[in-house]
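Notes to accompany the following structure.
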Amino acid sequence: MIAGAGSGKTTSLVEALELIREGYGASLRKYGQRVACVTFTNRAVEVIKERLGADDLYSVSTLHGFLWGEISRFQSDIRQALRHRRIPDLIAKAKAGDNGGQSRAAIRARNRVAQLEMELEGIEDVEKFTYSDSVYSDYAKGRLSHDDIIEVSGYLLAERPVLRRLLGARYPYIFVDEAQDTFSSIVAGLNMTCAGGDLPLVGYFGDPWQQIYDDRTGDFAPPEGGLTVTKTENFRSAPEIVQLLNAFREDVEQVPAGENKDVQGSVSIRLVQAESPEGSRGRYTDEQLKTALTKFDTALQGWEWDNRTDVIRLFLVRQMIARRLNFHSLNQLFTGASASLRAQDDFEKGEHYLLKPFVQVIYPLLSSYQENKQRAVLDLLRKYSPFYDIHGANAAHSLKEMIECSKNHLEKLLDVWGHATVRDVLLFCQDNSLIYVSDRLRDELAREPHEEEFDPAEHGEDKGEWLADELFKMPTNELPNYCDFVLNNTPYSTQHGVKGEEFDDVLVVYDDVEAAWSNYNFLKLLAPQSSGEPTDGQRERGRKLAYVSFSRARQNLRILLFTLNPEEVRAELLNRGLFREDQIELA
């Protein structure tokens, strides 16, 4: 099923699952068989489960969870897949990054090759392979990552007919939600499983234009003889927004349906006069960045959206959000030379061990205290503070005594927060048993900071210590903004981060110079004649991400596009039929 944005794809999926229950449920239960529904996120799993009711006829899970549930029983086959396909592929990829020189990239590649070759030998001694929902592997210890599950499963589906037969016998019906984001090797393996016209029947539900992640199947298709169904309704967006979506994509023409077809919505694009970048590598200088931020604020004021917290504001990259929410220095630190890829990933999720105490405990505590939410304060302290643990050393004290203690603690913490460093705050919380401190964090707080400047070649193995040193020296002023962002308490998001969501009013911001991500160029995408043709990759990635962003809006969509040539771009947008004259503003 090819279903455009807002078409009620999940409803169709659930209805199909219910039809199978009505027609074949009794027979399936008799033979101990189930219906598999594979979807993309844990949130989607819960939504589908709720709509189906508590019925163990269905196995609803994420793709990774489903695949691991099936292959985890084949431990020797997993070892074979790692030995013959997965690890050799990773070694070859790492070797391709080594040019024989002494650059950081070359040294890192050689180290990676040596590590993988050692782990390749070590897998022979692994008793059991495990998967723990992580992005990091440790093959010598049998720990598999997200990517490993996909690669190993694809290999086994292709190479092990027994696995395919067992899969079909257990699940005569397999439905794959968000099929465009499923990996090509998995789609190929499932198609092999159901080839020939007999059960199992595999159904794919998705939209190729909403495939915004790399290395996914995108234009998914059933095996030969399969049926393709296209849904053209749009139950989400106002007619003006649907009109833009239809102008933007050509393969599916949607029609407004349901209650939204009578909504008086609007679409507007404002072309902002950008400055020619004067910084290094074709980027803005600091002063030019300030000018861009001012023009962003001016546009919001012009639309009277500046004081609204219910308008979702979509940016291409996190650094653009960090500038506007004032945690740019923190963002720079965790994307800089002393931050590993794992540190950056943990930072983006709010789970880095240096910052987790602030996200999880310290900032929510101070916010609740300042807002006089005494119950919330006590709940946080009881859950996260050794001092206030109801089974801890102070369990015998009365509630009144503990409330007075909490007020005293938090007044002192507020004072430290107001004038001290990140390290001072953590030490205060540690010394007063306000937080549980991991061994790793305790070790970092206990040692003396490094005096020498960080050198990637010399200190690469210990780069995390330099990262901690820099963080500990910082004031606390950026932490509230960062915490609010990762806790989803702001109206800001990356464009990738809102996939599957919908909002009444949406603002999409395009400034290719500030974004500084060569994978995308939205100015060239929207106005190639006046701005230059995008690369094939920029065009393919950009059009899908733009479609996803535009289609999040239910009522009103605003687009902010920075360009050196507003008049020329305006003429081209009109000529291409993407926008009407009354929808384009110049600033």
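Key figures for this structure:
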| item | result |
| --- | --- |
| Mean-position separation - Cα centroids, segment 497-565 and segment 1-48, in angstrom | 33 |
| Modelled label reach - Asp262, point 7 Å along Cα→Cβ, segment 543-587 residues with backbone N closer than 18 Å | 555 |
| Largest to smallest principal axis extent of the C-alpha atoms in segment 421-469, angstrom | 38, 19, 13 |
| Residue-by-residue Karplus 3J(HN,Hα) for segment 246-259, coefficients 6.51, -1.76, 1.60, Hz, glycine and proline x | 5, 6, 7, 10, 10, 7, 10, 9, 8, 10, x, 9, x, 5 |
| Accessible surface of the chain [probe 1.4 Å, protein heavy atoms]: carbon and sulfur percent | 46 |
| Debye intensity ratio in log₁₀ form over the Cα atoms of segment 214-268, taken at each q of 0.14, 0.18, 0.26 Å⁻¹ | -0.52, -0.72, -0.99 |
| Candidate residues Thr563, Thr335: accessible-area rank, largest first, probe 1.4 Å | Thr335, Thr563 |
| Simple spin-label estimate for Asp138 and Arg308 in nanometres, 7 Å along Cα-Cβ | 4.9 |
| Candidate aspartates and glutamates for bridging to Lys356, where Cα separation is under 12 Å - those fewer than 8 sequence places away on the same chain excluded | Asp346, Glu348 |
| Distance in nm between pseudo-label sites at Asp215 and Val416 (7 Å out along the Cβ direction from Cα) | 4.3 |
| DSSP-loop GluC sites (Glu not before Pro) across segment 496-532, with at most 12 other Cβ within 10 angstrom | Glu501 |
| Exposure of Tyr363 as accessible area (Å², to 10), given a probe of 1.4 Å and all protein chains | 40 |
| Cα-only radius of gyration and Dmax that characterise the chain, units Å | 26.8, 77 |
| Violating pairs (Cα-Cα greater than 30 angstrom) within the set Lys30/Lys231; Lys49/Lys499; Lys141/Lys473; Lys93/Lys128 | Lys30/Lys231; Lys141/Lys473 |
| Over 30 Å between alpha carbons, listed pairs Lys463/Lys544; Lys349/Lys373; Lys290/Lys524; Lys9/Lys349 | Lys463/Lys544 |
| Segment 36-83: trypsin sites (Lys or Arg not before Pro) in DSSP loop, at most 11 other beta carbons within 10 Å | Arg73 |
| Mean projection area, nm², convex hull over Cα of segment 77-144 | 4.7 |
| Segment 443-587: proportion of alpha-carbon pairs further apart than 22 angstrom, % | 58 |
| Expected 222 nm ellipticity per residue - DSSP helices of 4 or more, -39500 (n - 2.57), all of the chain, to 500 | -14500 deg cm²/dmol |
| For segment 387-527: accessible area per residue (Å², 1.4 Å) | 50 |
| For segment 176-297, diffusion coefficient by Stokes-Einstein and Kirkwood Rh (Cα), 25 °C, 0.890 mPa s, µm²/s | 132 |
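The values are calculated or read from the model by the stated rules, or taken from the named source; none is laboratory data. Values in this document were obtained by computation on a predicted structure and should not be read as measured data. Cβ coordinates were reconstructed from backbone atoms using ideal geometry, including for glycine residues, and neighbour counts include every protein chain displayed. We work out accessible area using only protein heavy atoms, side chains counted, and drop any ligands, DNA or RNA first. Shrake-Rupley method; radii C 1.70, N 1.55, O 1.52, S 1.80 Å.
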